DNA sequence: TATTAGTTTTAGACATACCTAAAACTAAAC
DNA sequence: GTTTAGTTTTAGGTATGTCTAAAACTAATA
């Protein structure tokens, strides 16, 4: 269906994609790292827990709708139009995650399944109002950036704790050292991906940092540890 | 799938009904006035804008899942289990409508379409928290009662304005017609759920009613309009 | 009671999204 | 250049929910 936007007089393609088609686009967008890499059939099948043959069928359909660029045996990627769809779904997913954690008091590990459903609700007004209601958040509870209405977002700068200034806070998004002893140490102190960290104090002579985790647990971590925990500042 | 409820030790049938099946149950529940009347195939087809043949197919399927009582040519009704499903969907629909109006600043006439989608989100925790977040509302923005977790609600005696005697007054609790044009008309004349209405005069020859809204605005409404505004007399 | 109009069901198709199994293709090893 | 292992596509089939057209049934009228 082609409709004319009365304001811009541009031709807009009204894409009415199914829940399933939206999920495929989102998967391809993620696997291609935002459209940068070609994605294989098997990678999509693994990601969506389906079979390669089903993926091939869907690629033909999405190609016919011009939301992916697909050539037999040559892999697939999102088209410009498909990228917009994927980014809108991601925007909705992450806004709903913020809503669930901030307003519905969900834990960060309870939000994903429900957000997978909510991301397909079709109402541009709702998304606009939800964004406003939540105070135009830039990051979701996992520290991932929320695309704006135009699909634009800045990649999260990931900063080690030792580079965060006193009083600043953020979310643990990654670790540099993923050895077992280090991860066990993180577990012991109650640090995990998604945990909220605030830097309370920095000790000059040994480079250690005093931090509070999830506004609950105050702890001092060594310079070495603080260099290996990456934070997305908020 | 049968699971055992740890608290009650009762066997619970985990019904995983589709979006479509839920809509059929809701429709049958409404058309049967809460399970009181037998519902015909054509009535369901009209209500869901589908065809009688499709309804028959679905009735067989819902009967096999024990959520409706169905006998060929004899009409259909919700079973006890089906009634629970229908009431949960209605509860979710109405809670989301309150959310959209109170928190998302939607107008009355904008909520229905979106609530039709949101009512199928599967998360009992979300509904519990949403209910809490909204302050345990008893009525939706159209004045319809919201069933509690057990599916119970009290029906308010709702009387159309044309049946209210001269000099009597009450509160608008609901509307029969919830089409966009009608809701916009109500908005225009300053009528809303919760508004105080007093019937000042009734004109016999055309059935129109002269009313005063909130002791401020005196207006004449047609017979048609007065039949579609429901009042709780006080 | 027989007819008939309207309702409901059945039969057979279609689209979506999935599957398995076999065929086609790619790319790397020999 | 062949072989081969792995990937991808095709072919054909399944389940869901829809449809049209025809058959079956109900209930009201003659």
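Some values worked out for this structure:
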| read-out | value |
| --- | --- |
| All positions within the stretch A:120-132 that are surrounded by fewer than 17 Cβ atoms within 10 Å (Cβ to Cβ) and not in a loop (DSSP other than H, G, I, E, B) | A:124, A:125, A:128, A:129, A:132 |
| Subset of the stretch B:162-176 [closer than 20 Å to residue B:108 by Cα and either within 14 Å of another protein chain (Cβ to nearest Cβ) or surrounded by 19 or more Cβ atoms within 10 Å (Cβ to Cβ) (or both)] | B:172, B:173, B:174, B:175 |
| Residue that is surrounded by the fewest Cβ atoms within 10 Å (Cβ to Cβ) [pool: residues in the stretch A:91-113 that are in a loop (DSSP other than H, G, I, E, B) and more than 8 Å from every other protein chain (Cβ to nearest Cβ)] | A:107 |
| Test: residue A:143 is in contact (Cβ under 8 Å) with a residue 60 or more places away in the chain, assigned to a loop (DSSP other than H, G, I, E, B) and more than 14 Å from chain B (Cβ to nearest Cβ) | yes |
| Conditions (1) surrounded by 13 or more Cβ atoms within 10 Å (Cβ to Cβ); (2) assigned to a helix (DSSP H, G or I); (3) over 18 Å from the mean Cα position of the chain (by Cα); (4) without any contact (Cβ under 8 Å) to a residue 12 or more places away in the chain; number of the one not met by residue A:181 | (1) |
| One residue from B:68, B:55 being more than 14 Å from chain A (Cβ to nearest Cβ), away from DNA strand C (no atom under 11 Å from the Cβ), modelled with pLDDT of 95 or more and within 19 Å of residue B:19 (Cβ to Cβ) | B:68 |
| Out of A:116, A:22, sole residue that is near DNA strand C (Cβ under 10 Å from one of its atoms), within 14 Å of chain B (Cβ to nearest Cβ) and either under 27 Å from residue B:123 (Cα atoms) or modelled with pLDDT of 95 or more (or both) | A:22 |
| Criterion: assigned to a loop (DSSP other than H, G, I, E, B) and more than 13 Å from chain A (Cβ to nearest Cβ) - qualifying residue of B:87, B:37 | B:37 |
| In the stretch A:119-140, the residues that are closer than 15 Å to residue B:126 by Cβ and more than 9 Å from chain B (Cβ to nearest Cβ) | A:119 |
| Residue count, the stretch B:36-50 (criterion: within 13 Å of residue B:76 (Cα to Cα) and buried (at least 17 other Cβ atoms within 10 Å of the Cβ)) | 5 |
| Condition met for residue A:81 (touching a residue at least 60 places away in the same chain (Cβ under 8 Å), more than 16 Å from residue A:146 (Cβ to Cβ) and either in contact with a strand residue (DSSP E or B) (Cβ under 6 Å, 6 or more places away or on another chain) or assigned to a helix (DSSP H, G or I) (or both)) | yes |
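The values are calculated or read from the model by the stated rules, or taken from the named source; none is laboratory data. What you see is a predicted model, and the numbers here were worked out from it, not measured in a lab. Here Cβ is always computed from backbone atoms with ideal geometry, including for glycine, and neighbour counts include all displayed protein chains.
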